[in-house]
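Just so it is clear, none of the values below were taken in a lab; they were calculated from the coordinates. The shown structure was predicted, so the numbers you read here are calculated from the model rather than taken from an experiment. Every residue, glycine as well, gets a Cβ built from its backbone with ideal geometry; the counts of neighbours run over all protein chains shown.
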Amino acid sequence: MGLASKVKHIKTTDCSFIDIAPDLAMHINDCFTNDSVFKISDHVSKEEIPLLSYSYPHKKWITGRFIGQLHFTFKNKAYCFEVKPRFGDATILHLLEDIFKIKLGTSKANNTLTNSQQNSLINKLISLIWVKELSKSNVHGLPKKKVNTTYKSNVVKGKINIRKSIMPLYNESKIVSSKIEKTTDVVIQSILLKAYQILCKKYGLTQNMLTVNVKDVLTHARQGVNANITANDYKKIRYGAMYLNYKKIVDFSWEIIQRKKNTLQQQNANNTTDALFLDMAEIWENYMMSTFKKSYQSKGWKVYSKKYKTYQNQAYKRGLIPDIILEKNNNVIIWDAKYKNMAFNWNDYDRSDFFQIHTYGSFMESLNKKVIGLGLLYPFKDNVNEEELKANFSDTLFNQGNNNTWFKVDGIALPASAEELSLNKNSFINRIDKIISTIQH
């Protein structure tokens with residue numbers, strides 16, 4: 001009989017309960033892999049997390065932190081499982097604009113980001129981010145690297161190679177010389193061009209979306225391209241200080257290339273026809289990192305994330321990766337960004353989150369850092385009031401003893417309006433400023 005002519009749509013939002021048949025839910029998880037998740041940065045590693053989880057206390061299925069669409073077949077019927085952002089499309093645009101410091105959408109973002117094409121929203125976002133990032137990176141032209149070029153001629157170019165000149169000088173009256181020159185990095189230009197070709201074919205990138213700057217890069221990138229770039233070639237890329245701003249767009253382009261390979265493997269493995277998702281936890285973490293950098297780097301704070309190795313010589317060695325660390329004069333504040341529901345109900349506070357952030361604090365103290373504060377950061381549906389803020393702050397760790405480390409649960413309310421979001425972000429920073437100002441450095 002073949003597939004049904006109509007696609008059955010299942011629509012929901014992230015971090016939400018959903019009524020769905022168990023066999024269908026399990027099939028969706030079988031079709032979904034974390035290779036279907038497009039990473040917007042190299043800051044957050046991919047985790048093997050299912051698209052749907054079962055909540056035994058509520059006896060319901062619940063969606064996780066991924067947004068996007070999964071197109072698949074089940075029992076000879078075509079399905080589209082779509083997870084929309086619970087804060088709305090416009091809000092996600094605002095977060096991405098802040099992270100990448102670019103303008104992505106319009107005032108009618110909710111209307112313009114919806115159409116019938118598979119994963120049109122995410123495809124459009126990826127294409128726009130790529131164009132804006134490449135345009136922003138191209139300050140000094142395509143990255144160049146030093147190469148040692150050998151010449152055999154009547155004219156010396158650079159340094160004479162006496163040993164290699166003996167036979168040519170005798171037979172051809174020519175001298176062998178070598179010269180260190182700068183040439184465009186073929187690996188980088190090949191990665192950029194390959195990503196561009198994939199975006200045009202699979203992500204709806206059109207010529208009218210390209211800036212003059214990007215068109216210029218692509219024109220130069222077509223010269224001397226190597227089509228057989230390997231993962232090892234990518235890992236060996238080195239950026240000089242002048243071209244360090246290119247790293248972000250090259251990493252982004254490599255993710256596009258790898259995503260194409262993963263999609264082909266996935267389509268061959270099961271009945272999935274298309275799957276593309278963004279990780280809202282990654283977006284939220286990057287947004288908070290951007291917020292802290294913008295607000296505190298100018299005040300002398302170092303804002304960073306770093307992976308620390310623990311118990312390196314033991315079988316139970318592990319890595320610790322605090323999401324955001326603020327450091328100044330050996331004083332540190334550690335934050336963990338959690339993209340979960342938080343309405344300050346008792347069940348919203350996750351035990352594992354609390355254990356994790358306190359472990360980070362203990363570890364930093366073992367490095368002889370003075371931990372002055374710890375905190376968990378959540379996206380809020382509504383603004384928090386003063387009473388809730390007081391109830392979620394302790395001026396001492398564990399709310400006991402004479403230690404000087406405070407603990408805070410906070411975050412930012414995410415409205416659809418860019419103006420409101422900016423006000424909420426400023427209010428959050430002001431709250432943190434007041435706490436930090438009481439600490440004597």
Discussion item. Net charge within 11 Å of residue 311 by Cβ-Cβ distance, Lys/Arg positive one each and Asp/Glu negative one each, not counting residue 311 itself?
Written reply: +3
Worksheet, complete the sentence: Going through 39/370; 101/144; 144/328; 194/317; 309/390; 370/390 one by one, the pairs whose alpha carbons sit over 30 Å apart turn out to be 39/370; 144/328; 194/317; 309/390
Worksheet item: Once amide H atoms are placed 1.01 Å from N in the peptide plane, what residues at a sequence separation of 5 or more from residue 406, or on another chain, have their amide H within under 5 Å of its amide H?
Response: 373, 374
Discussion item. Sort 317-324, 230-237 by packing, meaning the average of other beta carbons within 10 Å per residue, with the highest value first.
Written reply: 317-324, 230-237
Response to the item:
Long-range amide H partners of residue 411, meaning residues 5 or more apart or on another chain whose placed amide H is closer than 5 Å, are 378
Worksheet item: Which part of the stretch 3-42 falls in the paramagnetic zone of residue 77, meaning amide N under 15 Å from the point 7 Å along Cα-to-beta-carbon?
Response: 3-11, 19-28
Discussion item. List residues of the stretch 202-236, by number, whose backbone nitrogen lies under 20 Å from a label position 7 Å along Cα→C-beta of residue 103.
Written reply: 206-215
Worksheet, complete the sentence: Per the 1/(1 + (r/R0)^6) rule, R0 = 22 Å and r from the Cβ atoms of residue 297 and residue 245, FRET efficiency to 0.05 is 0.85
Item to complete: Using R₀ = 51 Å, calculate the FRET efficiency as 1/(1 + (r/R₀)^6) where r is the Cβ-Cβ separation of residue 258 and residue 366; round to 0.05.
Response: 0.90
Worksheet item: When the gyration tensor of the stretch 341-408 is built from Cα positions, what are the square roots of 5 times its three eigenvalues, in whole Å, from largest to smallest?
Response: 24, 14, 10
Fill in: ³J(HN,Hα) computed for each position of the stretch 69-84 - Karplus, 6.51 cos²θ - 1.76 cosθ + 1.60, integer Hz, glycine/proline x
10, 10, 9, 8, 10, 8, 6, 6, 10, 8, 10, 10, 9, 10, 10, 8
Practice prompt. Between residue 6 and residue 383, take the C-beta separation as r, use R0 = 56 Å, and let me know the FRET efficiency to the nearest 0.05.
Written response: 0.85
Practice prompt. Taking 7 Å along the Cα-to-C-beta vector as the label spot, tell me the residue 238-residue 19 distance in nanometres, rounded to one decimal.
Written response: 6.2 nm
Discussion item. Please compute the alpha carbon radius of gyration of the stretch 9-58, then divide it by the globular-protein estimate 2.2 N^0.38 Å. Two decimals is fine.
Written reply: 1.31
Worksheet, complete the sentence: For the stretch 324-441 the translational diffusion coefficient, Stokes-Einstein from a Kirkwood Rh over Cα pairs at 20 °C and viscosity 1.002 mPa s, in µm²/s, is roughly 143 µm²/s
Worksheet item: Using 0.36 nm per residue, how much length does the chain from residue 223 to residue 140 gain when fully extended, once their Cα-Cα distance is taken away?
Response: 28.1 nm
Worksheet item: Between residue 26 and residue 430, what length in nm is gained on full extension when 0.36 nm per residue of separation is reduced by their alpha carbon distance?
Response: 140.9 nm
